[in-house]
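K.L.:
Before anything else, here's the structure in question.
The values are calculated or read from the model by the stated rules, or taken from the named source; none is laboratory data. What you are looking at is a predicted structure, and each value in this text was computed from that prediction instead of being measured. Here the Cβ positions follow ideal geometry from the backbone for every residue, glycine too, while neighbour counts run over all protein chains shown. Surface areas here come from the heavy atoms of the whole protein model, side chains and all, with no ligands, DNA or RNA. Shrake-Rupley method; radii C 1.70, N 1.55, O 1.52, S 1.80 Å.
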Amino acid sequence: MHPNRIALVTGASRGIGRAIAVSLAKCRLDLVLNYAGNESAAQETRKQVMGLGVQGAVVQADVSSAADRNKLVEFIRSEFGRLDVLVNNAGVAPKVRSDLLESSEESFDRLISTNLKGPFFLTQAVAKWMLELRESVPDYSPAIVNISSISAYTSSPNRGDYCLSKAGISMMTKLYADRLAEFGIPVFEIRPGVIATDMTAGVSAKYDKLIQEGLTPIRRWGRVEDVGKAVEAIVSGHFPFSTGEVFNVDGGFHMRRL
């Protein structure tokens, strides 16, 4: 049994996932860093977390694949013998932004498989294991954190499949929070807003203008570190009487204003 708390961050090779991994390393958690395709970026994340004095293991797995999900969990079982924190961060955007009336089943299936089905069944597997670990790990304090998006409730008719996948993550959070509460396993949702990442780089001019015009009360782009700090606060145990909670990391976008 590994002596330190272990966190699995899916999609940890860059962007928000990397920032979450770095924040958890600052909390002295050892990291399992999952990536789907960009190994060199994942190794850079590992280098950064190890530079903070914790262990980092890199594991390739496509969360949309049942075989890969099983491989990921089995790797952690064999290498560490425990898992304390799951961060479901891996996700993809549409390859092409298509009008709702022109969207394809291929894109829909790809986004739902990676952004919703994958996290749902990975959480199922991890939750079952966490129930076992409660009986054997002293002072076990698990947590599950799902990274969604303001797209969970904000209509973007040119990427409806993405919006649906993130809305599904919101309900998934509630379902697992409800099911696992009696066992002391809290489940949280973090809802990032407009965050400067590779995913938003192609529309940066559009959002620069919207932010300047007051899209968000806090008039700046979100940073990946803003999301990392929110995960850090949850995993540090600062919300012992909360579960199913949504943390908006969006510059205040979620507020309805006149």
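K.L.:
Tell me the mean residue ellipticity at 222 nm calculated for the chain from its helices only (DSSP H runs of n ≥ 4, each -39500 (n - 2.57), averaged over every residue, nearest 500).
P.N.:
-13000 deg cm²/dmol
K.L.:
Okay, next question. Per residue, what accessible area does the chain have, given a 1.4 Å probe and all protein chains present, in Å²?
P.N.:
49
K.L.:
If you bin the C-alpha pair distances of segment 155-258 every 10 Å from 0, what whole percents do you get?
P.N.:
Result returned by the calculation: 13, 38, 34, 13, 1.
K.L.:
Right, next: Which pairs break 29 Å Cα to Cα here: K47/K209; K26/K95; K47/K71?
P.N.:
Among K47/K209; K26/K95; K47/K71, the Cα-Cα distance tops 29 Å for K47/K209; K26/K95.
K.L.:
May I pose another question? Assuming 0.36 nm per residue, please report the length gained on full extension of the stretch Q212 to Q43 beyond their Cα-Cα distance.
P.N.:
Details: separation 169, 0.36 × 169 = 60.84 nm, distance 3.61 nm.
Difference between extended and current length: 57.2 nm.
K.L.:
Could you calculate the contour length gain from S104 to R28, that is, 0.36 nm times the residue separation minus the distance between their Cα atoms, to one decimal place in nm?
P.N.:
On the way: separation 76, 0.36 × 76 = 27.36 nm, distance 4.38 nm.
Full extension of this stretch gives 23.0 nm more.
K.L.:
Related question: Can you list the lysines whose alpha carbon is less than 16 Å from that of K117, not counting same-chain residues fewer than 8 positions off?
P.N.:
Partners found: K166, K174.
K.L.:
Can you tell me the 0 to 90 degree angle between the C-alpha axis of helix 160-180 and the longest principal axis of the chain, rounded to 10?
P.N.:
Orientation of helix 160-180: about 30 degrees from the principal axis.
K.L.:
For the chain, give the magnitude of the charge dipole about the Cα centre (Cβ charges: +1 Lys/Arg, -1 Asp/Glu; no others), in debye to the nearest 20.
P.N.:
Approximately 540 debye in magnitude.
K.L.:
Viscosity 0.890 mPa s, temperature 25 °C: give me the Stokes-Einstein translational D for the chain in µm²/s, with Rh taken as the Kirkwood radius over C-alpha pairs.
P.N.:
132
K.L.:
Between 0 and 90 degrees, rounded to the nearest ten: what's the tilt of helix 224-235 against the longest Cα principal axis of the chain?
P.N.:
Here the helix axis deviates by roughly 40 degrees.
K.L.:
Take the alpha-carbon centre of segment 220-236, take the same for segment 146-169, and report the distance between them in whole Å.
P.N.:
Measuring centre to centre over Cα atoms gives 20 Å.
K.L.:
Alpha carbon centre of segment 175-218 versus segment 109-123: separation in Å?
P.N.:
Using only Cα atoms to place each centre, the spacing works out to 18 Å.
K.L.:
Let me ask another. Which percent of the accessible heavy-atom area of the chain goes to carbon and sulfur, probe 1.4 angstrom?
P.N.:
Carbon-and-sulfur percentage of accessible area, whole number: 52.
K.L.:
Turning to a different aspect of this structure: Within segment 94-152, report the trypsin sites (Lys or Arg not before Pro) that DSSP leaves as loop and that have at most 16 other Cβ atoms within 10 Å.
P.N.:
Filter output for segment 94-152: K95, R97, R134.
K.L.:
Here is a further query. Modelling each spin label as a point 7 Å along the Cα-to-Cβ direction, I'd like the R257/A201 distance in nm, to one decimal.
P.N.:
2.9
K.L.:
Let me ask another. Which of the three applies to segment 1-97, rounded, prolate or oblate, going by the alpha-carbon gyration tensor with a ≥ b ≥ c and a/c under 1.5 meaning rounded?
P.N.:
In terms of gyration-tensor shape, oblate.
K.L.:
Now, a different point. In terms of the ratio Rg/(2.2 N^0.38 Å) built on C-alpha atoms, what value belongs to segment 108-164?
P.N.:
In units of the 2.2 N^0.38 Å rule of thumb, it is 1.53.
K.L.:
Give me the angle, in degrees from 0 to 90, between the Cα long axis of helix 66-79 and the longest principal axis of the Cα atoms of the chain, rounded to the nearest 10.
P.N.:
Long axis of 66-79 versus the principal axis of the chain: about 40 degrees.
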